[in-house]
Amino acid sequence: MNCQYFYMEESKMKRVILGIALVLVLATASLAAQTLTVWDFKYSEVNATGAQAPMKANDAAFEKANPGVKVVHVAQPTDATQYYQIIQSAATTNSGPDVAMFHPGARVEGFADIISDLDSYVKDVKGQFTAASIEMCSVGGKLKVMPLTMQGFGIYYNKAAFKKAGLDPEKAPKAAADFLAACAKLQAAGLVPVTTGQTYTIDFFLRAQAATVYGPNVAGLFDGTQKFDNPVFKESAAFVKTLVDKGYLEKDGFSRPYFMDSIDKFAAGNGAIFVGLLSDVGNWKAFSDGFGAANVGYFPAINFPDTKYKDQQVMQGAGIGYGVMKWAKNQKLAAAYVKFVSTGEGAKTYAAATGSLSPNTAAGGGASAYPVLKVIQNYLKSGQKDYIPLGYNGYEDDANRLCDRAFVTGEISIDDFIAEYQKLVTK
């Protein structure tokens, strides 16, 4: 009896062990099958300060922290129109990536119905982000996207080029008259005064100017309390036309992609002035690493005699961010990824490699080895909202087409441009 008892118990034990082993095998197989797909319009950036390297590092770190999970990062078109058309196509079939990158603001609002609410997943870290970034990434009070960067625009200049033209490299030409005089001297010295890239150069310039024209009232452009026919904004537009007519804005650049050809051209030391970004690409780090940290100057916009708000820095609370798509099978895992790359070491890794400015106050914005960063951060104290994210999805594309007609082809006058520009905000 005892032998039979032990034999039966041994058989049961073997069955239990086999059962446990089978469960472990199935669990491991299930875990190995967890693939997280990320769509990203920044992932194709393979240059020195590009996004791909830190993104790969963060993907590897996330996989290490989540054994059995494989992140499949897919580079998508950098052109916003193409990218959001692809997102729209995915939405029609209710399939696509688990996580996707978005421009906060109007873009997020336009796709809010297919992006999951993140509040319950990130409530422990939400307080680390600036209020402006959370506001830009939310729709109806629900957080839709975790912000990875904050964004803005301004005017960079090459101090070495200024010195070559006989200009004071430490004196930023912020006044309209000073800017024109500087361009004239740069041109006479055989230098390209302003390196351009399609009409993004003009678009970014006008958005920077709006901060000095409207200050804290920029949102009024979309509720009707402010108009683009403001005399100083019209003066800004006319100023751009003057720069084009005098040949100060590089003509060849209007047929060159801003991202990344024109950015790389200026970073290589070609040209004296560039209307660039504060974060991600075309920024303080790219230019400092390109032609020397000590040679990069910066100011936020041109001040005209009647400018009400001088030296105002246009900025977006968030430049890019990640959202979890509602069709993602593992919402918790997807949200964990979004949280991982936008906080802690993930945020620091991305900011340090790209030169981005993170809205996560715990992540920091860059190294002290870049003098121009201190200049920018000082201007951020007088930051004003960028008006385009307050508009509808296609506002930037339509605005750029108008810029081309007014400033490049000369098809319409400045007054016509202002009138058409105003119509865009009523769509």
- Across the stretch 44-61, which residue is farthest from residue 95 (Cα to Cα) among those that are buried (at least 20 other Cβ atoms within 10 Å of the Cβ) and in contact (Cβ under 8 Å) with a residue 24 or more places away in the chain? 49
- Message: Against the conditions (1) part of a helix (DSSP H, G or I); (2) touching a residue at least 60 places away in the same chain (Cβ under 8 Å); (3) not assigned by TED's automatic domain parsing to the domain that holds residue 284, where does residue 417 fall short? Just the number, please.
- Response: (3)
- Could you count how many residues in the stretch 386-414 are assigned to a helix (DSSP H, G or I) and more than 23 Å from the chain's Cα centre (by Cα)? 5
- Task: Looking only at the stretch 360-367, decide whether some residue is of a type in the set (Ser, Thr, Tyr) and crowded, with 16+ Cβ neighbours inside 10 Å.
- Result: no
- Message: For the condition surrounded by fewer than 17 Cβ atoms within 10 Å (Cβ to Cβ) and among the small types (Gly, Ala, Ser), what is the one hit in 184, 161?
- Response: 184
- Query: Can you find a residue in the stretch 252-259 that is surrounded by fewer than 22 Cβ atoms within 10 Å (Cβ to Cβ), in the same structural domain as residue 382 (by TED's automatic domain parsing), within 29 Å of residue 41 (Cα to Cα) and of a type in the set (Asp, Glu)?
  - Reply: yes
- If you take the residues of the stretch 261-284 that are over 22 Å from residue 386 (Cα atoms) and of a type outside the set (Gly, Ala, Ser), which of them is farthest from the chain's Cα centre (by Cα)? 270
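For every residue, the table says whether it meets (1) in contact (Cβ under 8 Å) with a residue 40 or more places away in the chain; (2) farther than 15 Å from residue 233 by Cα.
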{"position": "356", "(1), (2)": "yes, yes"}
{"position": "371", "(1), (2)": "yes, yes"}
{"position": "375", "(1), (2)": "yes, yes"}
{"position": "410", "(1), (2)": "no, yes"}
{"position": "413", "(1), (2)": "no, no"}
- Message: What's the total number of residues in the stretch 285-322 that are more than 15 Å from the chain's Cα centre (by Cα) and in a loop (DSSP other than H, G, I, E, B)?
- Response: 13
- Any chance you could count how many residues in the stretch 172-190 are in a loop (DSSP other than H, G, I, E, B) and either on the phi > 0 side of the Ramachandran plot or in contact with a strand residue (DSSP E or B) (Cβ under 9 Å, 6 or more places away or on another chain) (or both)? 4
- Residues located in the stretch 191-224, provided they are farther than 21 Å from residue 380 by Cβ and assigned to a loop (DSSP other than H, G, I, E, B): 191, 192, 193, 196, 198, 224
- Among the residues of the stretch 131-142, is there at least one that is in a strand (DSSP E or B), touching a residue at least 24 places away in the same chain (Cβ under 8 Å), closer than 30 Å to residue 378 by Cβ and touching a Pro at 6+ places or on another chain (Cβ under 8 Å)? no
- Query: Do we find a residue being part of a helix (DSSP H, G or I) and either β-branched (Val, Ile, Thr) or in the same structural domain as residue 384 (by TED's automatic domain parsing) (or both) anywhere in the stretch 269-284?
  - Reply: yes
- Message: residue 227 - would you say it is assigned to a loop (DSSP other than H, G, I, E, B), of a type outside the set (A, V, I, L, M) and at pLDDT 95 or above?
- Response: yes
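The values are calculated or read from the model by the stated rules, or taken from the named source; none is laboratory data. Quick caveat, the model's predicted, so the values are computed rather than measured. FYI the Cβ positions are ideal-geometry reconstructions off the backbone, even for glycines, and counts take in every protein chain you see.
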